[in-house]
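The values are calculated or read from the model by the stated rules, or taken from the named source; none is laboratory data. For clarity, every value in this text was computed on a predicted model and none was experimentally measured. Methodologically, a virtual Cβ is constructed for each residue, glycine included, from the backbone with ideal geometry; neighbour enumeration extends over all protein chains shown. Remember, those area values only see protein heavy atoms, side chains included, never the ligands or the DNA or RNA. Shrake-Rupley method; radii C 1.70, N 1.55, O 1.52, S 1.80 Å.
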Amino acid sequence: MAEKQSTSRVAVITGASSGIGAATARALAAQGYRIALLARRLDRIEALAAELDNGSIAVQADVTDRDALVAAAARVQEELGGADVLMNNAGTMLLGPFSSERREDYRAMIEANLLGAITATEVFLEQLRDGGGDLVNISSVAGRTARATNGVYAATKWGINGWSESLRQELLPDVRVTLIEPGVVDTDLASHITDDATREAVQKGYDAATVTPAEVAEIIAFVLARPRHLVINEVLLRPADQLG
Ligand code: NDP
């Protein structure tokens, strides 16, 4: 088993191929972290690993595939000496009127956003516990509010919130647990919506987004840089003009 290098913390980021995950990889690398970049799009995470050029690794993994996560954890242990931080960020937001037509979307969101985060955590937990780690769960404003057409997405994020609070109590003081709840952030998130009318409407809001992934990443990097005796458990952030 490789020794953990005390000079360099290791962060595992799911959904590191774009948006908030990729931006956080850049922010943490700037603080000296080596990153295990997990996502399905291998070309993107390989390009990001090359850009970071600091020993970070690209690991193709679908968070709905437990075997892929187990293999990823073995690589992180072997090549990076284990994970200090797990950021559960992979997710999709497949909004639309509640209907049987979108039942595949519902299953996909629950499997990636909620079950994917739970599975990645149980797979990486022993690495996080080994020496004091951090778990960062990316929830959403939709984890505290709900509105028409976002019910199942909101259910996954409310689920993340409840599960995170339970884990916070269970894992202290070994693993610090932090929930990040962004409002609209300028990423590709809305582009995957399958319902055409909903996608066009939501995309307009995303086209006008003012908060950047780098701004969210800066907050996550700040949270992780607090001394071990202090933890920021929850961060709710919105564009200054976002109502709900
Ligand atoms: P992006 O679409 O840019 O990023 C989503 C990431 O998730 C991609 O890297 C994608 O990688 C990955 N992903 C999706 N499904 C899977 C899967 N099954 N297995 C592995 N990786 C997967 O959007 P964001 O950066 O905005 O989204 C990141 C997180 O932030 C999500 O959880 C989202 O709910 C949350 N969030 C975003 C907000 C926003 O306004 N942008 C607001 C609040 C929360 P790949 O396709 O390569 O696998």
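A few notes on this one:
- Under 12 Å, Cβ to Cβ, from VAL177 - net charge with Lys/Arg +1 and Asp/Glu -1: -3
- Surrounding net charge for ILE232, when Lys and Arg each add one and Asp and Glu each subtract one, Cβ distance under 10 Å: +1
- Spacing of the modelled spin labels on ASP53 and SER100, each 7 Å from Cα toward Cβ, amounts to 5.7 nm.
- Taking the charge dipole of the chain about its Cα centre, with +1 at Lys and Arg Cβ atoms and -1 at Asp and Glu Cβ atoms, the residue from GLY133, ALA61, ALA49 reaching farthest to the positive side is GLY133.
- Annotation: extensible slack from THR212 through LEU172 equals 11.3 nm (criterion: 0.36 nm per residue apart, minus Cα-Cα distance).
- Alpha carbon centroid spacing (whole Å) that separates the range 193-223 from the range 100-128: 21 Å
- Shown for the chain: the carbon plus sulfur share of the solvent-accessible area, taken with all protein chains present and a 1.4 angstrom probe, equals 52%.
- Global form of the range 1-70, assessed from the alpha-carbon gyration tensor, a/c cut-off 1.5: oblate
- Sparsely packed trypsin sites (Lys or Arg not before Pro) within the range 199-235, loop by DSSP, other Cβ within 10 Å at most 11: ARG228
- Taking amide H as placed 1.01 Å from N in the peptide plane, the amide H of LEU236 sits under 5 Å from that of GLU181, each at least 5 places away or on another chain.
- The range 10-237 - accessible surface per residue (Å², probe 1.4 Å): 44 Å²
- Note on the range 10-237: with charges restricted to the Cβ of Lys and Arg (+1) and Asp and Glu (-1), its dipole about the Cα centre is near 420 debye.
- Shape call, the chain: gyration tensor on alpha carbons, a/c limit 1.5: prolate
- Only Cα pairs under 8 Å and 6+ residues apart enter the sum, and on that basis the relative contact order of the range 110-244 stands at 27 percent.
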